[in-house]
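What follows is a short report on a single structure.
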Amino acid sequence: MIYQSLGEWFDKIGNFSLTLLIVTVYGLLMGAFIERIIAKVQGRIGIPYKQPFINVLKNIFKRTAISHGIMFYLGPVFRIAGGIGTLAFIPVIFGSETFSNFSTAGDLFLVIYFMFFGQLGMALGAGESGHPYSAIGVARGLSQMTAYEVPFALAVVAIVLQYGTLSINDIVAAQQGGWQHWTMVTNWPATLAAMLAFLGMTGYSPFDIFLAPQEIPIGPPTEFHSAYLGLLQLNRALFGATKLILFMNLFFGGATGWPELMLKTWLIYMVAIVVGVAFPRYRVDQGIRFFFKLPTLIGIMSIIYVQMVLTA
Amino acid sequence: MTSLNRHTLTGHSAALDFSQPEPVDLSSGKYVKLWQGPQHPGITGNMSLELTLEGDTIIGCKTHVGYLHRGFEKLMERRTFIQNFTVVCRIAVPEPTFNEYLYSHAVEELSGIEIPDRAVWLRTLNLELMRLASFLMWIGGQSGAFGMYTVPNWTLSHRDFVLDLFEEMTGARIYHMYIVPGGVRAGLPEGFEKRARDVMDSTEKMLGQVERVMFNNAVTKARSRGLGIIDPEMIDPYGIVGPNARACGVARDLRKDEPYLAYDQLDFDIITGHDCDAYGRAWQRLQETRQSIDLIRQCLDRMPVDGPFQADMPNVLHWKVPAGETYVKAECTRGEYGYYMVTDGSEYVRRVHVRGPSYTHAIAVMERLAVGCNIADIAGLMVSLHTYPPEIER
């Protein structure tokens with residue numbers, strides 16, 4: 001999409017900034033809400049809604065007196081850049097000029113790239129810390145990411161073939177007209193494969209070994225502190241909400257307003273939460289084996305399903 | 001593949017191989033030295049593990065204690081018999097009552113004191129409540145070590161209900177100092193029996209939920225099946241006792257084999273398992289938790305409601321215990337707990353030696369079972385052996 005004037009660019013950047021603010025606040029609020037739900041299952045009261053905001057602000061305003069090298073400090077910056085970049089190319093509200101962000105043809109590729117980018121940047125930063133727990137956490141995290149990206153990538157390929165486009169906006173448009181047009185219904189194998197991969201993406205049990213306090217504390221962020229930890233916490237909220245919006249767009253018909261977006265993303269997130277509170281965590285080799293079996297098989301099935309049934 | 005221990009894979013004879021592993025060249029870059037503890041969520045207390053890794057696999061494990069800096073046994077030699085009650089209970093924080101009982105019992109044996117029948121029952125009730133509280137804490141710990149945090153919240157909240165009962169019964173939640181030479185410090189408060197039965201009912205119901213969520217869980221099984229297999233041949237050479245031994249099918253329980261207090265008047269059988277891995281040990285402890293609830297109910301049913309709970313005692317400020325020596329033992333949640341005491345007829349104990357099951361379980365057994373494990377399983381393995389480091393470093 002070519003913008004005609006500088007004014008249009010400023011408008012677009014302003015709109016995106018507004019979207020970024022709303023999505024980040026929503027991510028932080030949802031984080032608190034989810035923590036409270038988990039607490040209820042566990043028989044606790046849970047954290048106050050303001051707690052994630054306090055955590056982020058407290059850490060952001062702290063300073064550090066020690067140095068681990070430039071790359072260590074760039075890690076969280078890359079991480080949050082990945083989160084912002086991912087959101088930048090996802091249309092948040094379908095049909096809204098204000099909340100369409102920088103969505104353009106082929107944005108699906110860009111989004112998937114940005115999803116990797118942040119995690120790879122973080123891995124470089126954590127590796128620079130020199131802490132063995134960070135290195136082990138990075139190895140586990142990247143191994144697991146490679147595994148869950150396989151069924152997710154297969155599901156994405158399936159819907160690209162199904163809708164014949166790489167534009168997220170066009171994919172959402174193709175799902176309008178009622179729930180029976182959602183990918184969840186028209187291509188349920190792809191949705192199933194993607195949702196299984198989603199369990200790995202969220203970092204809840206049984207796929208949270210890379211951040212496991214018992215098995216290795218605390219994984220990649222072990223040495224991160226002060227403002228850098230604040231950036232990571234901020235990104236966790238932003239990136240988490242962004243992934244939910246992406247899944248909502250690809251598989252659940254997108255959203256035409258904020259209430260619809262909040263309801264759908266909350267329901268998608270609940271899948272990971274319900275599984276998370278009911279299961280311990282897999283070791284990384286067990287997790288990888290899991291993703292390479294059933295989810296990958298379903299992902300392959302979804303492509304066959306598109307080729308044999310939907311586009312035949 | 002589950003992380004079977006390298007030694008157990010090679011057959012029974014390897015189980016008794018006490019040879020030290022070959023030293024590795026850390027400068028080769030092929031191995032990583034990693035410390036787990038003393039400040040680590042995957043460690044059960046004041047100790048640490050020095051692990052040598054080849055990839056994700058542990059090829060060497062050395063345990064390190066020495067972080068407590070108390071020296072309980074020496075402290076006791078400088079205190080009068082009654083003053084030692086503030087010391088003994090701290091040797092095993094999650095279940096101090098067994099230390100109180102054994103210390104009292106040793107002093108009573110050397111002094112020739114007979115305790116009243118009601119005190120016998122109150123002590124039995126107290127020990128079983130302690131066993132229940134300790135097992136509830138352990139179940140939560142084992143579940144947490146595998147990354148499931150729902151179960152610890154359930155079990156620890158119910159442990160708190162048991163601690164409420166302790167508070168009513170003894171005036172304290174953790175360090176009760178309730179069992180003293182000559183009997184116990186108090187009888188049961190009014191309404192205690194009903195409240196105790198209510199707690200037993202709710203705890204039993206909760207254990208059913210724990211069984212469904214934790215024990216019938218595919219991921220729990222994937223993590224714990226085949227982890228830290230104790231070869232039955234290791235039981236005696238390594239000094240393995242309690243649920244760790246019973247889970248291997250060895251029917252040893254001091255409550256049955258050498259009954260003390262009122263255990264010979266209670267109806268129960270020794271529970272044994274057949275899976276010698278972490279899952280088998282967890283299952284064993286779940287069943288023993290249920291058995292403990294049953295024993296508490298039996299105590300409440302059968303204990304006398306009236307009568308003295310304390311024998312006539314000399315003035316504790318000038319109390320001299322006759323010269324002699326004795327070894328007393330009891331079955332705690334982790335196995336045989338023993339006190340060896342020597343007195344010289346003075347106001348002070350000459351020597352006390354505390355035999356806690358953690359000494360063997362957390363050092364020799366841990367160092368053996370850790371080899372061949374995945375690094376991610378080390379916390380689950382350590383918890384599965386149920387150890388309290390202060391017992392090691394007395």
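Bear in mind that the values in this text are calculations on the coordinates, not laboratory data. What you see is a predicted model; the values in this text were computed from it and never measured. So basically every Cβ, Gly included, is an ideal-geometry build from the backbone, and we count neighbours across all protein chains shown.
For this structure, a couple of remarks:
- Prolate/oblate/rounded label for the stretch B:270-394 (Cα gyration tensor, a/c 1.5): oblate
- Neighbour-count ranking [beta-carbon atoms within 10 angstrom, fewest first] of B:174, A:268, B:139, A:136: B:174, A:268, A:136, B:139
- Annotation note: GluC sites (Glu not before Pro) in the stretch B:320-385 located in DSSP loop regions with a Cβ neighbour count of at most 12 within 10 Å are absent.
- Rounded tilt (10° steps) of B:117-145 against the dominant C-alpha axis of chain B: 20 degrees
- Dipole orientation for the protein assembly as shown: of the candidates B:265, B:283, B:116, B:283 has the Cα lying most toward the positive pole (charges on Cβ; Lys, Arg +1; Asp, Glu -1).
- Taking Cα centre as origin and charging only the Cβ of basic (Lys, Arg, +1) and acidic (Asp, Glu, -1) residues, the dipole magnitude of the stretch A:6-310 rounds to 860 debye.
- Given B:256/B:320; B:194/B:256; A:62/B:33; B:194/B:329; B:74/B:329, the pairs whose alpha carbons are separated by over 24 Å: B:256/B:320; B:194/B:256; A:62/B:33; B:194/B:329
- Selected from B:207, A:84, B:318, residue furthest toward positive end of dipole (the protein assembly as shown; charges at beta carbon): A:84
- Note on chain B: with a GNM built from Cα contacts shorter than 10 Å, the maximum mean-square fluctuation among B:340, B:103, B:279 falls on B:340.
- Sparsely packed trypsin sites (Lys or Arg not before Pro) within the stretch B:328-370, loop by DSSP, other Cβ within 10 Å at most 12: none
- Rounded to 10°, Cα long-axis angle of helix B:192-210 versus longest principal axis of chain B: 10 degrees
- Springs between Cα atoms under 10 Å define the GNM used for chain B, and in it the highest mean-square fluctuation of B:48, B:202, B:384 occurs at B:202.
- Relative intensity, log₁₀ I(q)/I(0), of the stretch B:72-393 from a Debye sum that treats every alpha carbon as a point, q = 0.07, 0.10, 0.11, 0.15 Å⁻¹: -0.27, -0.56, -0.68, -1.23
- Choice from B:148, B:234, B:313 showing the highest fluctuation, given a GNM over chain B with Cα pairs closer than 10 Å: B:313
- Contact order relative to length of chain A, as percent, for alpha carbon pairs under 8 angstrom and 6 or more apart: 26 percent
- Per residue, the convex hull spanned by the Cα atoms of the protein assembly as shown measures out at 189 cubic angstrom.
- Lys, Arg +1 and Asp, Glu -1 on Cβ, resulting dipole of chain B about Cα centre, debye, nearest 20: 800 debye
- Shielding of peptide B:376-384 by partners, expressed as the average count of other chain Cβ atoms within 10 Å per residue Cβ, is 3.
- Pairs with C-alpha atoms separated by more than 32 Å, drawn from the list A:50/B:221; A:40/B:221; A:12/A:40, are A:50/B:221; A:12/A:40.
- In the stretch B:72-219, taking the dipole from charged Cβ atoms about the Cα centre, the farthest positive-side position among B:187, B:142, B:96 is held by B:142.
- Rounded tilt (10° steps) of B:97-111 against the dominant C-alpha axis of chain B: 50 degrees
- Dipole moment magnitude, nearest 20 debye, the protein assembly as shown about Cα centre, only Lys, Arg, Asp, Glu C-beta charged: 1360 debye
- The distance separating the Cα centre of the stretch A:38-83 from that of the stretch A:86-142 comes to 17 Å.
- Averaging the Cα positions of each part gives two centres, and for the stretch B:22-88 and the stretch B:327-394 these lie 13 Å apart.
- Using C-alpha pairs under 8 Å with a sequence gap of at least 6, the mean separation divided by the residue count of chain B gives a relative contact order of 27 percent.
- Mean Kyte hydropathy of -1.0 or more with a Cα span along the axis of at least 27 Å, helices from DSSP in chain A: A:6-41, A:107-128, A:132-163, A:226-251, A:258-278
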